[in-house]
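The values are calculated or read from the model by the stated rules, or taken from the named source; none is laboratory data. Quick caveat, the model's predicted, so the values are computed rather than measured. In this analysis, Cβ positions are derived from the backbone assuming ideal geometry, glycine residues included, and neighbour counts consider all displayed protein chains. When the accessible area is computed, the model is the full protein with side chains, heavy atoms only, and any ligands, DNA or RNA have been set aside. Shrake-Rupley method; radii C 1.70, N 1.55, O 1.52, S 1.80 Å.
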Amino acid sequence: MPVRILTPQFVDGIFKGLKIAPTPPSPPAHGLAPPALDSNNQYKRCLLQLRSKGERSLEKYIFLSSLKQWDEEMFYAILIANMPEITPLIYTPTVGEACLEFSHIYRKPEGLYVSIDDKGNIKNVLKNWPKKNDTRITVVTDGSRILGLGDLGVNGMPISIGKLSLYIGGAGFKPQSTLPICLDLGTNNPKNLEDPLYLGLRRNRVDDKEMDEFMDEFMEAMAEVFPKILVQFEDFSTEHAFHYLDRYRNTAKVPVFNDDIQGTGAVVLSGFVNAAKLSSDASGRALTDHKVLFLGAGSAGVGVAKQVMSFFTLQGMSEEEAKSRIYFIDSQGLITVDRPKLQQHKIYFARKDYTGPPLKNLIDIVNYVKPTALFGLSTTKGAFTKQVIERMADLNPRPIIFPLSNPVSLSECEFKEAIDWTDGRVIFASGSPFLPYTYKGKEYYAGQGNNMYVFPGIGFGGVLSKCTHVTSSMVENASLALAESLTQEERDIGLIYPRLTRVREVSVQIAERVIHVAQEERVDRNIPLRSMDHTHLVKYIQSKVWVPTIKT
């Protein structure tokens with residue numbers, strides 16, 4: 001018989017008894033597995049099978065999904081030991097293709113589906129989840145704006161699944177504590193409605209009034225069924241992303257944040273903090289002199305800009321002064337206050353100081369603004385042309401170019417192009433990974449503004465602190481902790497983000513900062529942690545990091 005270990009359980013520092021500790025899965029009984037099977041050889045075997053598929057990323061995704069369902073410990077052992085190789089296969093960029101094909105590659109249920117047909121009965125649907133008592137973190141999508149691919153309906157479920165795999169691999173959540181959720185409120189994508197294999201409801205999306213009623217019932221039910229959960233919204237349409245973050249961030253009975261708005265903003269702010277220092281060192285400009293031009297004014301773009309404002313306010317600037325350093329371009333050109341029918345989320349950053357004829361071309365706007373940094377969240381492939389990037393290099397000794405759109409097929413420019421067109425002077429970060437590039441005998445490394453640097457730590461710190469809300473200051477400080485996490489070796493070779501292999505170490509640093517800010521703002525409920533100093537708090541966080549039993 002397997003040995004059962006009893007561990008003491010404390011609630012708010014009070015002893016509540018003993019509980020049987022989780023034990024790793026038992027090996028198959030004698031005769032049910034080949035005689036020479038052992039976990040080390042199986043680990044190597046799985047990697048060889050994965051790599052035998054060459055450049056066929058979707059096949060690799062399918063293989064890894066099947067592996068996770070049949071041998072979860074092995075899947076996470078492979079992910080954690082090979083983070084730079086596996087992450088692009090289970091999340092961006094491959095997850096975009098997986099979403100497009102989800103109804104055609106579906107194998108086995110994973111996660112919860114809650115549809116508009118469940119309205120009035122949502123709580124009972126949630127109760128069907130078999131691991132209710134263990135659940136601590138969920139990623140919820142309605143599939144209405146998946147990456148840059150549009151309305152995919154229930155085909156967006158791989159986004160929730162992939163994101164939670166990164167919470168586990170990147171921070172150390174226990175697999176049984178995660179819950180992927182896809183809300184099926186219909187789809188307005190005719191390709192879905194015409195696909196005989198489409199797995200979602202064959203109807204158009206509900207109107208805003210009915211969606212509000214559904215979401216209110218859903219959030220109330222989540223708090224009743226999963227009272228210890230932290231909710232992350234993902235890939236809602238732009239207007240709904242802002243609307244539901246504002247609706248629930250301070251009022252829901254469980255903590256809520258939106259990774260598209262807050263997580264993307266936090267990771268880009270972190271990269272910009274380090275990039276701005278490098279750029280200012282080269283130009284001699286003050287940090288307050290930086291100007292940031294955004295191409296793309298959706299939820300991610302505006303969310304990033306609101307976080308980037310923190311960079312300027314930390315330099316002592318007022319909110320209005322910080323806002324004046326940021327410019328936005330959408331499909332109609334430079335966003336100004338005199339434009340009719342301006343969408344609500346664009347009004348805050350609309351320029352009041354431009355009175356000339358409308359500026360519509362990116363190169364004309366670059367010439368007018370003279371930015372030090374150009375950020376792309378437009379999902380427009382090749383929008384940063386040779387002419388635009390060369391002009392940025394004319395204006396700045398070290399221009400900051402961040403093409404952040406996902407997946408790679410929608411990136412505003414390639415890493416190679418940015419290096420070639422700036423003679424190697426660019427400070428670069430992208431949303432999806434690019435391989436190192438050798439130019440004039442020197443090897444350059446692309447920074448990746450990957451949200452997985454920051455959201456696992458935010459979630460881990462939020463859950464461990466038992467926070468009531470995820471505050472703006474918690475997110476901002478997660479970003480600053482990420483910026484400070486680089487080693488000297490990483491700084492010496494010009495990186496603005498740490499190596500992905502260190503993401504678990506970085507997530508501990510972020511979680512510690514998040515917990516500390518939650519305590520300062522008194523939104524924490526894990527009271528015993530308040531008495532811990534920095535060293536003991538870090539050790540406590542490290543003790544909560546789940547590690548697969550399989551040795552790699």
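What ranking, highest mean first, results for peptides 231-241, 383-393, 340-350 when packing means the other Cβ atoms within 10 Å averaged over each residue? The partial results should precede the final answer.
Details: 231-241: 23.3, 383-393: 19.0, 340-350: 13.5.
Top to bottom by mean Cβ count within 10 Å: 231-241, 383-393, 340-350.
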Using a simple spin-label model with points 7 Å from Cα along the Cα→Cβ vector, what separation in nm is obtained for residue 174 and residue 29?
2.7 nm
Reduced to Cα centres, the span from the range 470-487 to the range 178-235 in Å works out to 30 Å
For residue 37 and residue 287, calculate 0.36 nm times their separation in residues minus their Cα-Cα distance, and state this gained length in nm to one decimal.
84.1 nm
Compute the helix-to-body angle for 157-170: its Cα long axis versus the longest principal axis of the chain, expressed 0 to 90° and rounded to tens.
80 degrees
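How would the range 348-457 be classified by its alpha-carbon gyration tensor: rounded, prolate or oblate, with rounded meaning a/c under 1.5 and the a/b versus b/c comparison settling the rest? Present the calculation step by step, with values, prior to reporting the outcome.
Details: a/c = 2.03, a/b = 1.33, b/c = 1.53.
Oblate, since a/c reaches 1.5 and b/c is not below a/b.
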For the range 541-546, take each phi angle, set θ = phi - 60°, evaluate the Karplus expression 6.51 cos²θ - 1.76 cosθ + 1.60, and give the result in whole Hz per residue in order, putting x for glycine and proline.
4, 4, 5, 8, 6, 6
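Based on the Kirkwood radius over alpha-carbon pairs, what value in µm²/s does the Stokes-Einstein equation return for the translational diffusion coefficient of the range 203-298 at 25 °C and 0.890 mPa s?
Values: Rh = 16.2 Å.
D, rounded to a whole number, is 151 µm²/s.
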Derived scalar couplings ³J(HN,Hα) [the range 117-130; Karplus, 6.51 cos²θ - 1.76 cosθ + 1.60; whole Hz; x for Gly, Pro]
5, 8, 4, x, 9, 5, 4, 5, 5, 4, 5, 6, 5, x
Just to confirm the number: angle between the C-alpha axis of helix 299-313 and the first principal axis of the chain, 0 to 90 degrees, nearest 10?
70 degrees
Once amide hydrogens are built 1.01 Å from N within the peptide plane, the residues lying 5 or more places from residue 291 or on another chain with amide H under 5 Å from its amide H are 372, 373
Helix axis angle, 503-520 relative to the chain longest principal axis, alpha carbon, degrees
80 degrees
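Shape call for the range 36-88 from the C-alpha gyration tensor, a ≥ b ≥ c root eigenvalues: rounded (a/c under 1.5), prolate (a/b greater than b/c) or oblate? Walk me through the intermediate numbers first.
Numbers: a/c = 1.55, a/b = 1.43, b/c = 1.09.
Prolate.
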Got a sec? Charge dipole of the chain, +1 on Cβ for Lys and Arg, -1 for Asp and Glu; which of 507, 37, 49 is way out at the positive end?
37
How would you order 224-230, 66-72, 453-459 from highest to lowest mean count of nearby Cβ atoms within 10 Å?
453-459, 224-230, 66-72
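Taking the mean number of other Cβ atoms within 10 Å as a proxy for protection, how do you rank 493-504, 366-377, 290-301 from highest to lowest? It would help to have the intermediate numbers written out before the result.
Working: 493-504: 18.5, 366-377: 22.1, 290-301: 24.4.
For the peptides 493-504, 366-377, 290-301, the packing ranking is 290-301, 366-377, 493-504.
Checking the a/c ratio against 1.5 first, then a/b against b/c, what shape does the Cα gyration tensor give for the range 456-552? All intermediate terms of the calculation are to be shown ahead of the outcome.
On the way: a/c = 2.12, a/b = 1.36, b/c = 1.55.
Oblate.
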Which whole-angstrom value gives the distance between the alpha carbon centres of the range 496-545 and the range 314-339?
34 Å
Considering just Cα atoms, how many Å³ per residue does the convex hull of the chain enclose?
169 Å³
Hz values of 3J(HN,Hα) by residue in the range 321-335 - Karplus curve (6.51, -1.76, 1.60), Gly and Pro given as x
5, 5, 4, 5, 8, 10, 10, 10, 10, 10, 5, 9, x, 4, 7
Among 526, 214, 192, which residue has its Cα furthest toward the positive end of the charge dipole of the chain, with +1 on Lys/Arg Cβ and -1 on Asp/Glu Cβ?
526
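What's the magnitude of the charge dipole for the chain around its Cα centre, counting Lys and Arg as +1 and Asp and Glu as -1 at the beta-carbon? Answer in Debye, nearest 20. Walk me through the intermediate numbers first.
Details: 63 positive and 62 negative charges, 209 e Å.
That gives a dipole near 1000 debye.
Can you compute the FRET efficiency between residue 52 and residue 499 using 1/(1 + (r/R0)^6), with r the Cβ-Cβ distance and R0 = 41 Å? Round to the nearest 0.05.
Numbers: r = 27 Å, r/R0 = 0.65.
In this case the efficiency is close to 0.95.
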Per DSSP H run of at least 4 residues, take -39500 (n - 2.57); add these up for the chain, divide by its residues and hand me the 222 nm value, nearest 500 deg cm²/dmol.
-12500 deg cm²/dmol
For residue 59 and residue 542, what does the FRET efficiency come to when R0 = 25 Å and r is the distance between their Cβ atoms, rounded to the nearest 0.05?
0.10
Largest-first semi-axes in Å of the equivalent ellipsoid built from the Cα gyration tensor of the range 155-203 are 29, 9, 8
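Only four residue types carry charge here, +1 at the Cβ of Lys and Arg and -1 at the Cβ of Asp and Glu. Report the dipole size of the range 211-261 about the Cα centre in Debye, rounded to the nearest 20. Each step should come with its number before you reach the end.
Details: 4 positive and 12 negative charges, 69 e Å.
It comes to approximately 320 debye.
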Please list, ordered by chain and number, the residues whose modelled amide H lies under 5 Å from the amide H of residue 328; skip anything fewer than 5 residues away on the same chain.
294, 335
With all protein chains in place and a 1.4 Å probe, residue 505 shows an accessible area in Å² (nearest 10) of 100 Å²
